[in-house]
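Only one structure is covered here, and it is reproduced in the block below.
The values are calculated or read from the model by the stated rules, or taken from the named source; none is laboratory data. These figures come from a predicted structure and were not determined experimentally. For neighbour counting, all protein chains shown are included, and Cβ atoms are generated from backbone atoms with ideal geometry for every residue, glycine included.
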Amino acid sequence: MSRSAHPAGPRHADVMTEGHYTAPAEDLNALDEKVWARTVTRDEHGALTVGGIGVARLAEEFGTPAYFLDESDFRARCRAWSDAFGPGADVFYAGKAFLSRAVVRWLQEEGLNLDVCSGGELTTALDAGMPAARIAFHGNNKTVDEIERAVSAGVGRIVLDSFQEIVRVAHIAQRLGRRQPVQIRVTVGVEAHTHEFIATAHEDQKFGIALADGQAAEAVRRALTLDGLELIGIHSHIGSQIFDMAGFEVSARRVVQLLAEVRDEHGIELPEIDLGGGLGIAYTSDDDPREPHEIAKALGDIVTRECEANGLATPRISVEPGRAIVGPTAFTLYEVGTIKPLEGLRTYVSVDGGMSDNIRTALYDAEYSVALVSRTSDAEPMLVRVVGKHCESGDIVVKDAFLPSDLAPGDLIAVPATGAYCRAMASNYNHSLRPPVVAVRDGQARVIVRRETEEDLLRLDVG
Ligand SMILES: *Cc1c(COP(=O)(O)O)cnc(C)c1O
């Protein structure tokens, strides 16, 4: 059976909802607030604006393709998450979704913590002034150099991912004269994607240490014996783009069970559990994500109930949303280049970017929406596939969507909900130049990551 036939859907994919594109939306000019950043609207001429600035001006000033990020939306989402979880819990923004120094400063100002998973992300975080104590370091294969830098900087926690890493981090911490706070990442046998999850005893993947066969209990035993480590809790991350809380329920129950075993064996109650990230967002009008306060309540209730059942004090909970904070805050603006109607099939609309600025459609079969944004149109809808300019037929940005049939070269179209895992996963395929990220707020637009230049490409190519 192929991986994509997995009952939980393609791994890390956003499952395609059959039939979603069989009918156009009633009004192609409407902007569904579920998928667009909060300040996005149309002006009196029908052009899309964000933070009070129209797309024509943005395109002229910053070029296309480009990502436009609604800063006040980003900040509001940070606040919604930290308010929902309150002072008794910790929200870590998963930096891998999109990280820049401006983002790090916003996180600090809004009181969030930060997950990093590489030396590059750690450097960005520290350079922008994030206190090390508010940084968590992740990864299934942290290098010795990365561990040394994280321990020396004094990161608030390192999430241990293997038996070898338990020893590796302990030795490095001891050599540096530190006692490093750590969590152990366990795999709870839950694979969750979008609307479904499956619970099994084992999980066939590279992350973490299995709860099954007493392996996680053994990891705890070893971590507790090592002087360089201060074991503060257990970590579990079950998937991505999840809407169904049932997977978290199983995960939390299994993690709390481990806390109870640790208490019974060692006489200690580990003070923290981290339930990871993976909360879903709306990429199309068919998606119905939960609000942070609903998620906080659901997770809090589950953990409290399971702890009471096991006679444990409720540990401090942390969560790690990445996509759910940054994903909805940005859209990608493209200029339409060529339009190719294929009789009886669909119309191919080519834009000036593609899989180099959004690999998720090619990689995960991800679904996106798209709209004509430089103007409105009352023309009949046409079924389109929005494709890029790369030398690859899989270079698809939006697989199936409707756009007005009077679409013409030079029109601007935008793909919403591209704040997460788009710029972060962007490539230089075909020696394309990675687009800029422009933060827009209260009538001001500011480049936070500049566009690459051909000089940048040549500088890396040392001949
Ligand atoms: C990727 C990841 C996250 C964030 O996932 P989102 O789907 O962006 O919320 C959180 N925690 C860990 C350990 C991750 O690997």
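Return yes or no: is residue 451 under 30 Å from residue 241 (Cβ atoms), surrounded by 19 or more Cβ atoms within 10 Å (Cβ to Cβ) and either in the same structural domain as residue 42 (by TED's automatic domain parsing) or modelled with pLDDT of 95 or more (or both)?
Values: under 30 Å from residue 241 (Cβ atoms): yes; surrounded by 19 or more Cβ atoms within 10 Å (Cβ to Cβ): no; either in the same structural domain as residue 42 (by TED's automatic domain parsing) or modelled with pLDDT of 95 or more (or both): yes.
Here the answer is no, as residue 451 does not meet what is asked.
Is one or more of the residues making up segment 247-263 farther than 19 Å from residue 317 by Cβ and either outside the structural domain of residue 137 (by TED's automatic domain parsing) or touching a Leu at 6+ places or on another chain (Cβ under 8 Å) (or both)?
No, the conditions are met nowhere in segment 247-263.
What are the residue pairs meeting all of these: first residue in segment 85-100, first residue under 17 Å from residue 275 (Cα atoms) and β-branched (Val, Ile, Thr), second residue more than 9 Å from the ligand (Cβ to nearest atom) and outside any loop (DSSP other than H, G, I, E, B), Cβ atoms under 7 Å, and 6 or more apart or on different chains?
From residues that are under 17 Å from residue 275 (Cα atoms) and β-branched (Val, Ile, Thr), the pairs are 91/81; 91/82; 91/85; 91/113.
Looking at segment 83-97, which of the residues that are assigned to a loop (DSSP other than H, G, I, E, B) and on the phi < 0 side of the Ramachandran plot is nearest to the chain's Cα centre (by Cα)?
Filtering segment 83-97 for residues assigned to a loop (DSSP other than H, G, I, E, B) gives 86-88, 95-97.
Adding the requirement that they be on the phi < 0 side of the Ramachandran plot leaves 87-88, 95-97.
Values: 87: 23, 88: 24, 95: 8, 96: 7, 97: 4 Å.
Here the residue is 97.
Within the set of pairs 6 or more residues apart or between chains, which connect a residue that is assigned to a loop (DSSP other than H, G, I, E, B) inside segment 17-30 to a residue that is among the β-branched types (Val, Ile, Thr) and modelled with pLDDT under 50 with Cβ atoms less than 6 Å apart?
Short answer, once both residue conditions are applied: none.
Output the number of residues of segment 354-390 satisfying the condition of being among the basic types (Lys, Arg) and under 16 Å from residue 27 (Cα atoms).
Within segment 354-390, the first condition is being among the basic types (Lys, Arg), and the residues that meet it are 360, 375, 385, 389.
Among the residues that remain, those that are also under 16 Å from residue 27 (Cα atoms) are: 375.
Qualifying residue count for the region: 1.
Going through segment 326-349 one residue at a time, which ones are buried (at least 20 other Cβ atoms within 10 Å of the Cβ) and assigned to a strand (DSSP E or B)? Walk me through it before giving the result.
At the first step, the residues of segment 326-349 found to be buried (at least 20 other Cβ atoms within 10 Å of the Cβ) are 326-334, 336, 349.
Within segment 326-349, 330, 331, 332, 333, 334, 336, 349 qualify.
For residues that are within 30 Å of residue 294 (Cβ to Cβ) and away from the ligand (no atom under 14 Å from the Cβ), scanning just segment 211-239, find the one that is surrounded by the fewest Cβ atoms within 10 Å (Cβ to Cβ). Quick ask: steps written out before the conclusion?
We begin by selecting, within segment 211-239, every residue within 30 Å of residue 294 (Cβ to Cβ); these are 211, 216, 232-239.
Add one more test, that the residue is away from the ligand (no atom under 14 Å from the Cβ), and what stays is 211, 216, 232.
Working: 211: 25, 216: 25, 232: 20.
Residue satisfying both the conditions and the ranking: 232.
Taking segment 287-313 only, how many residues are assigned to a loop (DSSP other than H, G, I, E, B), away from the ligand (no atom under 14 Å from the Cβ) and either surrounded by 15 or more Cβ atoms within 10 Å (Cβ to Cβ) or hydroxyl-bearing (Ser, Thr, Tyr) (or both)?
Of segment 287-313, the ones assigned to a loop (DSSP other than H, G, I, E, B) are 287-291, 310-313.
From the residues that got through so far, the ones that are away from the ligand (no atom under 14 Å from the Cβ) too are 288, 291, 310-313.
Right, trim to either surrounded by 15 or more Cβ atoms within 10 Å (Cβ to Cβ) or hydroxyl-bearing (Ser, Thr, Tyr) (or both) and you get 310, 312.
Result for segment 287-313: 2.
Which one of 440, 398 is assigned by TED's automatic domain parsing to the domain that holds residue 65 and over 28 Å from residue 23 (Cα atoms)?
Just a single option satisfies the conditions, and that option is 440.
Those residues that are crowded, with 20+ Cβ neighbours inside 10 Å and more than 14 Å from the ligand (Cβ to nearest atom), I need them from segment 269-281; list them, please. Full working, then the answer.
First, the residues of segment 269-281 that are crowded, with 20+ Cβ neighbours inside 10 Å: 270, 273-281.
270 - this is the single residue of segment 269-281 that is crowded, with 20+ Cβ neighbours inside 10 Å and more than 14 Å from the ligand (Cβ to nearest atom).
Only residues that are within 16 Å of the ligand (Cβ to nearest atom) and not in a loop (DSSP other than H, G, I, E, B): list them for segment 240-268, please.
Pass one, segment 240-268, residues within 16 Å of the ligand (Cβ to nearest atom): 240-245, 247-248, 251-252, 255.
Selection gives 240, 241, 242, 247, 248, 251, 252, 255.
If a residue counts only when it is buried (at least 18 other Cβ atoms within 10 Å of the Cβ) and within 16 Å of the ligand (Cβ to nearest atom), which helices (runs of 4 or more DSSP H) contained entirely in segment 101-183 have at least 2 such residues?
Helices (runs of 4 or more DSSP H) meeting the threshold: 101-110, 119-127, 144-153.
Output yes when any residue across segment 397-411 is of a type outside the set (A, V, I, L, M, F, W, C) and free of Cβ contacts under 8 Å to residues at least 12 places away in the same chain, and no when none is. Even if it seems obvious, please write down each step before you answer.
First pass over segment 397-411, keeping only residues of a type outside the set (A, V, I, L, M, F, W, C): 399-400, 404-406, 409-411.
When the remaining residues are screened for being free of Cβ contacts under 8 Å to residues at least 12 places away in the same chain, the result is none.
No, because not a single residue in segment 397-411 is of a type outside the set (A, V, I, L, M, F, W, C) and free of Cβ contacts under 8 Å to residues at least 12 places away in the same chain.
Tell me, yes or no, whether segment 326-338 has at least one residue that is within 16 Å of the ligand (Cβ to nearest atom), under 20 Å from residue 423 (Cβ atoms) and in contact with a Ser or Thr (Cβ under 7 Å, 6 or more places away or on another chain). Please lay out each step first, then the result.
Quick first cut of segment 326-338, residues within 16 Å of the ligand (Cβ to nearest atom) only: 326-330.
From what's left, under 20 Å from residue 423 (Cβ atoms): 326-330.
Remaining after also requiring in contact with a Ser or Thr (Cβ under 7 Å, 6 or more places away or on another chain): 330.
Scanning segment 326-338 turns up at least one residue that is within 16 Å of the ligand (Cβ to nearest atom), under 20 Å from residue 423 (Cβ atoms) and in contact with a Ser or Thr (Cβ under 7 Å, 6 or more places away or on another chain).
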